[in-house]
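Only one structure is covered here, and it is reproduced in the block below.
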Amino acid sequence: MPQTHLVWLEAPEIAADARPGQFVMVRCGNNHDPLLRRPLSIHQVTAAGRIALLFSVVGRGTVLLSRRQQGDCLDLVGPLGNGFTIEPDSHRLLLVAGGLGLAPLLFLATKGLDEGCSVVLLMGTRNVSLLYPLSSLSSRITCFTTTEDGSAGVKGVVTGLIAECADQADQVFACGPISMYRSMACDGGLKRGRVQISLEVVMGCGVGACYGCTIKTRKGLQQVCRDGPVFELDEVVW
Ligand SMILES: Cc1cc2nc3c(=O)[nH]c(=O)nc-3n(C[C@H](O)[C@H](O)[C@H](O)COP(=O)(O)OP(=O)(O)OC[C@H]3O[C@@H](n4cnc5c(N)ncnc54)[C@H](O)[C@@H]3O)c2cc1C
């Protein structure tokens, strides 16, 4: 996957507390440039106290992070945010990843499988080079892919597959761009109150102090870092 990095960290305290959908704030450079930490989802966790981050390089922070070497120490704060909730009556989970939206969803898939749920994963990217390698996914996950140029899977966008899979699911979990959520919000076939999304907005402090990630919801103004990043799809005002 071009411009995409998978980093494994020894972080036993974070690994012990982390829930799927939570994130860490990462100091990307060696000093205070850039000043603000960057939010990254907890991608995977091991019982041995390791966590993985999966990120794409988009700007200064992630460029610096991508240059870190094996053995470096990273300064992280976390786990932060609320995370996804698998309801007790949910046995069939549908996960929808747009682009690198798989980052928080793989941890959720693992938890779902551990709890005896079935997991269907829909992954959509612009082209085949951006698709997460299917060989790295558990064979217990049923996976369908789309690419916008038709270079792998079904040609089109991932939301095109949701309608036929959502009927068979007790809950839907999604992570991707806002355009994907807007399209899902217009999909009358999705069960109300059974769709959780993770919002990856631009974030300042990550701990509810700066109000930089405030969004409009049906409950009023909320902060993505403190009240989210996971929200019910119906809660957010698009
Ligand atoms: C809760 C949360 C979890 C996240 N998890 C992941 C993850 O697991 N993997 C991953 O690759 N990314 C993730 N992101 C997005 C990631 O935080 C940003 O890509 C990163 O902060 C960019 O930092 P930068 O310094 O490289 O880019 P900057 O220099 O800060 O920005 C470069 C450009 O990207 C835009 N940008 C920055 N952040 C975002 C964003 N969140 N959405 C859209 N455009 C943005 C800026 O406006 C600017 O135009 C997550 C975001 C949030 C809020």
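Values in this text are rule-based calculations from the coordinates and carry no lab data. No experiment lies behind these values; they were computed from the predicted model shown. Cβ placement follows ideal geometry from the backbone for every residue including glycine, while neighbour counts extend to all protein chains displayed.
Return, ordered by residue number, the residues of the stretch 12-50 whose backbone nitrogen is under 12 Å from a label point located 7 Å along Cα→Cβ of Ser138.
Counting only backbone N, you get 45.
Put a dot 7 Å past each Cα toward the Cβ at Asp89 and Gln168; how far apart are the dots in nm?
2.2 nm
Quote the convex hull volume per residue of the stretch 174-213, based on C-alpha atoms, as a whole number of Å³.
Taking only Cα atoms, the stretch 174-213 has a hull volume of 87 Å³ per residue.
Given the peptides 79-91, 179-191, arrange them by the average over their residues of other C-beta atoms within 10 Å, most packed first.
Highest-to-lowest ranking by the protection proxy: 79-91, 179-191.
Would you compute, from DSSP H runs of 4+ residues alone, the mean residue ellipticity of the chain at 222 nm, taking -39500 (n - 2.57) per run and dividing by the full residue count, rounded to the nearest 500?
When only DSSP H runs of four or more count, the value is -5000 deg cm²/dmol.
Per residue, what volume in Å³ does the convex hull of the Cα atoms of the stretch 1-85 enclose?
It is 100 Å³ per residue.
Provide, in order from the shortest bin, the percent of all Cα-Cα pairs of the stretch 47-187 in each 5 Å bin, continuing until the bin that contains the maximum pair distance.
Bin by bin from 0 Å, the calculated values are 2, 8, 17, 20, 20, 15, 10, 6, 2, 0.
Give the lysines reachable from Lys219 as a straight Cα distance under 25 Å; neighbours fewer than 8 places away on the same chain don't count.
Leaving aside lysines fewer than 8 places away in the same chain, those within reach of Lys219 are Lys191.
Subtract the Cα-Cα distance of Asn30 and Asp114 from 0.36 nm times their separation in residues, and report this length gain in nm to one decimal.
Gain on extension, Asn30 to Asp114, equals 26.5 nm.
Percent relative contact order of the chain, based on C-alpha pairs within less than 8 angstrom and at least six residues apart?
19 percent
Modelling each spin label as a point 7 Å along the Cα-to-Cβ direction, I'd like the Gln70/Trp8 distance in nm, to one decimal.
1.0 nm
Report the gain in length on full extension from Thr217 to Val154: 0.36 nm times residue separation, minus Cα-Cα distance, nm rounded to one decimal.
Between Thr217 and Val154, full extension yields 19.3 nm more.
Expressed as a fraction of 2.2 N^0.38 Å, the rule-of-thumb size for a compact globular protein of N residues, what is the C-alpha radius of gyration of the chain?
0.97
What does the charge dipole of the chain about its Cα centre add up to, to the nearest 20 debye, if the Cβ of each Lys and Arg holds +1 and the Cβ of each Asp and Glu holds -1?
Rounded to the nearest 20 debye, it is 440 debye.
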